[in-house]
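The values are calculated or read from the model by the stated rules, or taken from the named source; none is laboratory data. Note that the structure is a prediction, hence the values are computed from the model and not measured. Here the Cβ is made from the backbone with ideal geometry for all residues, glycine too, and neighbour counts use every protein chain on show. Side chains are part of the model used for accessible areas, which takes the heavy atoms of the whole protein and leaves out ligands, DNA and RNA. Shrake-Rupley method; radii C 1.70, N 1.55, O 1.52, S 1.80 Å.
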Amino acid sequence: MTRKVGYLGPQGTYCEEIALSLYSDTSAALEPFAGIDAAIRAVASGEVAESIVPVENSLEGSVNITLDTMAHDVNLYITKEVVLPVRHNLLAKKDSQELVAIVSHPQALAQCRKTLAKLYPQAKLKPVESTAEAARIVASGDGFYAAVGSEKAGHIYGLTVLAANIQDNRANSTRFIGLERQPAASLKGKCKTSIVCQIHGEKPGSLCNILQEFAKREVNLTRIESRPARTGLGMYIFFFDIEGSIKEDNIAAAVRAVQAKSLWYKNLGSYPVYHL
Ligand SMILES: O=C(O)C(=O)C[C@]1(C(=O)O)C=C[C@@H](O)C=C1
């Protein structure tokens with residue numbers, strides 16, 4: 001049976017670019033989804049074997065819907081991480097008018113905020129589900145809108161590039177993850193491990209106490225992110241990204257110790273890291 005791989009669609013998103021680079025030489029069938037949460041849930045329901053979704057951008061930080069869906073709504077494993085340098089373009093119809101609005105994924109708009117304010121101060125910024133959906137909307141509109149997206153999205157939807165490289169920072173890059181129902185089969189090369197937990201937060205030093213489990217075993221963390229626990233105001237869950245795989249004894253021991261000290265804990269898996 002053909003392996004199905006979901007991504008945030010429609011055709012022409014950065015998620016699709018990642019999926020194509022991973023699976024173009026195989027028989028995987030790529031399936032677009034209208035939202036990040038829909039792409040993730042499709043893995044949990046068995047509709048697809050894997051989905052590719054964004055998790056963090058170097059300028060704008062976490063993609064919250066990805067973190068929240070993984071923590072609260074599904075039980076899936078991260079099986080790969082792919083880092084993509086993101087170069088945004090302003091895409092419009094050939095006969096475009098003075099721009100009334102610029103549409104895109106909220107993360108993409110935020111990554112270009114200063115540049116867009118300088119170039120088109122009059123234009124309103126309108127968030128939509130993805131950069132390619134923005135290009136599709138602009139292509140079917142009346143010429144008063146432009147989209148922030150990839151050059152490829154411009155080609156697909158027949159738009160011209162009004163301005164290239166409009167991200168506010170040259171180092172703009174996004175981390176994408178593959179999510180599956182089983183943990184990664186192979187852990188070769190550079191790997192990371194992710195966990196999420198809720199800890200007893202009332203006592204002073206609670207977070208420090210958890211962090212010491214990593215420090216005393218010389219386990220390096222690459223990221224800590226907190227999100228609302230959804231159990232009350234001021235209650236948080238913490239995501240930890242760890243350098244290395246769970247096959248390493250010190251990491252396995254640190255993770256076990258953190259689990260034992262947590263009110264709630266979820267293993268998000270160990271996975272290889274790739275750069276495009
Ligand atoms: O809309 C897309 O093309 C996406 O793949 C989503 C997304 C994101 O959510 O971060 C991915 C990369 C860019 O950073 C901007 C948008």
- Message: Test of the criteria: in region 190-276, which trypsin sites (Lys or Arg not before Pro) are in a DSSP loop and have at most 15 other Cβ atoms within 10 angstrom of their Cβ?
- Response: Lys190, Lys216, Arg230, Lys247
- Task: Express in nm, to one decimal, how much length is gained between His200 and Ala253 on full extension, taking 0.36 nm for each residue of separation and deducting their alpha carbon distance.
- Result: 17.1 nm
- Message: 7 Å from Cα along Cα→Cβ at both Glu47 and Leu119: what's the point-to-point distance in nm?
- Response: 3.4 nm
- The alpha-carbon center of region 106-171 and that of region 201-241 are separated, in whole Å, by 37 Å
- Task: At most 14 other Cβ atoms within 10 Å and a DSSP loop assignment: could you name the GluC sites (Glu not before Pro) in region 145-210 that fit?
- Result: Glu202
- Percent relative contact order for the chain, counting Cα pairs under 8 Å at least six residues apart, stands at 22 percent
- Query: Which of the aspartates and glutamates could a cross-linker span from Lys80 if the Cα-Cα distance has to be under 17 Å and same-chain partners fewer than 8 positions apart are dropped?
  - Reply: Glu16, Glu17, Glu50, Glu56, Glu180, Asp241, Glu243
- Coil-residue GluC sites (Glu not before Pro) of region 68-143, DSSP, other Cβ within 10 Å capped at 10: Glu98
- Task: Leaving out ligands and nucleic acids, note down the accessible area per residue over the chain with a 1.4 angstrom probe, in whole Å².
- Result: 47 Å²
- Report, in debye and to the nearest 20, how large the dipole of the chain comes out about its Cα centre when Lys and Arg carry +1 and Asp and Glu carry -1 on their Cβ. 380 debye
- Item | HN-Hα J in Hz across region 18-35 - Karplus 6.51, -1.76, 1.60, θ = phi - 60°, x for Gly and Pro | 5, 4, 5, 5, 7, 10, 4, 8, 10, 8, 4, 9, 8, 10, x, 10, 6, x
- √(5λ) per eigenvalue of the Cα gyration tensor, the chain, largest first, Å: 36, 21, 16
- Accessible surface of region 191-275, 1.4 Å probe, proportion on carbon and sulfur as whole %: 52 percent
- Counted charge near Ala108, where neighbours are those whose Cβ lies closer than 13 Å (Asp, Glu -1; Lys, Arg +1): -1
